[in-house]
Each structure stands twice: as structure tokens, then as C-alpha cells.
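Let me begin by presenting the structure, written as C-alpha cells, before commenting on it.
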Amino acid sequence: MITIKTKEEIGLMRKAGELLSSCHKEIAKRIRPGITTMEIDQFVENYLKQHGASPEQKGYRGYPYATCASVNDVICHGFPSQRPLQSGDIVTIDMVVNVDGWLADSAWSYAVGDISPQADHLLKVTKESLFKGIEQAVVGNRIGDISHAIQAYAEAEGLSVVRDFVGHGIGQNMHEEPQVPHYGPAGRGPRLREGMVITIEPMLNTGSYKTKVDEDGWTARTVDGGLSAQYEHTIAITEDGPFIITL
Ligand code: MF3
Ligand code: CO
């Protein structure tokens, strides 16, 4: 069942979204060669606590950390680690923030120091593909219109779209209906209605879209070692168009 949120409920989600967005801006200031993703994770945990919020991912289905930190060929769900980030790395930090029981979910990919032209292109296209998807998140469209817009743009830019992980409805639960694939035909899937809140979170790869999961049961990587990036926002469908809760 797809839950419809009232304006008041969307207002509560906006509080979580604003805090999440300000947290990403703080992370952006701190990303540099030498910092570890464990330090970033600690920072996030403290930052959320100080602001009366909590990291929803920690403990979710046994996930051990506040953030997912996915470096280079890791697509998503990477564990924060003690390995210092190096110039040339790309890293995706993903988190879900809980304020008074209402959630917001957003991931940003960051460049560490100087990155290759290929990595730079991947970051730019992945971010742009998210916004191509958001443009389609309007009342009366279908989920497939979002999916198709992302896939068409990403593939035209020579990148592949991960199939094994998708966006989702969100509210008082991290994962609600509907699923939001980032590939597939336009004109299919559930119709978008006012008050739906979904994530759009394309993961694009430089090589194959196929994934494999490490023995830790979480870390998802590209099968061929190619790079992967992700940008994610939480979006409310409103009569005035898509409202980006985590902008
Ligand atoms: N933020 C992720 C999403 O976009 C969820 C991460 S899985 C978790 O759906 F277990 F780490 F929470
Ligand atoms: Co997320």
C-alpha cells in the first residue's frame, strides 16, 4: 500500500530533510585526502544527536553504522572504515535521518582531492540523472517515467544503471511502497499522486551494471571493478510539482 502524507506530515519530514541536507554540507567541508570514513560516520552520529535527531540506518536489519560509505567500485552499503581516503577516490555517503519519527534519506557522492576525468564525468552525470528523474516526479505521471528519464540520460552518456537497488516510498518507515527503479520503460508502474513521498537514488557505473556483495553481507560492488556513484534525494509529490525534501 502506498501511504499518502498530509501537508503537516510532509512538514515534519522537511525538518528531517533540512537537517540531513545541512549534515551533507558539513561533510562536504570535511572530505579531503587523509580523513577516514569512520571519522565521517562519527561526525554524523554526533551531529544528529546534537540536533535532536537519530541515524535511522544504525541497527536497521542489523546494519552497524549511521552512514553507508561507498568508495570507488563500491555501489552502496559500504561500511565506514579506518582506511584514509586518498586523492583520486570518489566516495558516496548515504544516511537516513529520524526527527520525531519522521524520516528523510539522501546520499551524495564526493570527489577526494583530484579525480580522473572519467570519475568527474561519472559524478556529474549521476547527479544530473537524479534531477532528470526528479523532473518527472509530477502528479499524473507514472513511476516508469522517472525510471526511463534516468536510464535514457545515463546510457546516452555511456554509463550503466544499477538494477539491483532501487528507490522507494518513505515516511515513518525507511522503505515503503512503491519501488522506484532507475531503469525501465516510461508509462508503466504506479501513478504519482499528491502526498506521495519517494526517494530517487540512481547508482551509475562506468562499466557493467552488475553487482556482487562482499562476505560482510552488505558491501555491494561492481562485478568488473568499475567506478560507481550515487546521488539520492527524498521527494514529495505536490500540486506545485516535485518538492525536494532533502535539498
Ligand atoms: N539509505 C539507503 C536507501 O537509500 C538504505 C541503506 S540500507 C541500511 O534505501 F541498512 F544501511 F540502512
Ligand atoms: Co539512502
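The values are calculated or read from the model by the stated rules, or taken from the named source; none is laboratory data. Not measured: the values here are computed from a predicted model. Cβ: placed from backbone, ideal geometry, glycine included. Neighbour counts: every protein chain shown. Surface areas here come from the heavy atoms of the whole protein model, side chains and all, with no ligands, DNA or RNA. Shrake-Rupley method; radii C 1.70, N 1.55, O 1.52, S 1.80 Å.
Restricting attention to the range 44-62, the residues being assigned to a helix (DSSP H, G or I) and open to solvent by 40 Å² or more (accessible area, probe 1.4 Å) number 6.
Would it be correct to say that D73 is more than 16 Å from ligand 2 (Cβ to nearest atom), of a type in the set (D, E), open to solvent by 10 Å² or more (accessible area, probe 1.4 Å) and without any contact (Cβ under 8 Å) to a residue 60 or more places away in the chain? Considered against the rule, which asks whether it is more than 16 Å from ligand 2 (Cβ to nearest atom), of a type in the set (D, E), open to solvent by 10 Å² or more (accessible area, probe 1.4 Å) and without any contact (Cβ under 8 Å) to a residue 60 or more places away in the chain, D73 comes out as no. Looking only at residues in the range 194-233 that are over 26 Å from N173 (Cα atoms) and aliphatic (A, V, I, L, M), which one is farthest from ligand 2 (Cβ to nearest atom)? Here the residue is V223.
Somewhere in the range 186-197, is a residue within 13 Å of ligand 1 (Cβ to nearest atom) and not aliphatic (A, V, I, L, M)? No, that holds for no residue.
For the range 151-176, the tally of residues that are open to solvent by less than 70 Å² (accessible area, probe 1.4 Å) and away from ligand 2 (no atom under 16 Å from the Cβ) stands at 9. Of the residues that make up the range 192-199, is at least one in contact (Cβ under 8 Å) with a residue 24 or more places away in the chain, open to solvent by 50 Å² or more (accessible area, probe 1.4 Å) and either of a type in the set (K, R) or outside any loop (DSSP other than H, G, I, E, B) (or both)? So far as the range 192-199 goes, yes, one or more of its residues are in contact (Cβ under 8 Å) with a residue 24 or more places away in the chain, open to solvent by 50 Å² or more (accessible area, probe 1.4 Å) and either of a type in the set (K, R) or outside any loop (DSSP other than H, G, I, E, B) (or both).
Matching residues to (1) away from ligand 1 (no atom under 13 Å from the Cβ); (2) charged (D, E, K, R); (3) over 18 Å from G34 (Cβ atoms); (4) touching a Gly at 6+ places or on another chain (Cβ under 8 Å):
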position: K49; (1), (2), (3), (4): yes, yes, yes, no
position: P55; (1), (2), (3), (4): no, no, yes, no
position: Y63; (1), (2), (3), (4): no, no, yes, no
position: Q82; (1), (2), (3), (4): yes, no, no, no
position: L85; (1), (2), (3), (4): yes, no, no, yes
position: V99; (1), (2), (3), (4): yes, no, yes, yes
position: A104; (1), (2), (3), (4): no, no, yes, yes
position: A107; (1), (2), (3), (4): no, no, yes, no
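The condition of being surrounded by fewer than 18 Cβ atoms within 10 Å (Cβ to Cβ) and within 16 Å of ligand 1 (Cβ to nearest atom) holds for only one of Q230, Q179, that being Q179.
Kindly evaluate T211 against the criterion of being within 25 Å of G59 (Cα to Cα), over 16 Å from the mean Cα position of the chain (by Cα), of a type in the set (S, T, Y) and open to solvent by 10 Å² or more (accessible area, probe 1.4 Å). Yes, satisfied. The set of residues in the range 190-208 being over 18 Å from A154 (Cβ atoms) and either within 16 Å of the chain's Cα centre (by Cα) or of a type outside the set (D, E) (or both) consists of P190, R191, L192, R193, G195, M196, V197, I198.
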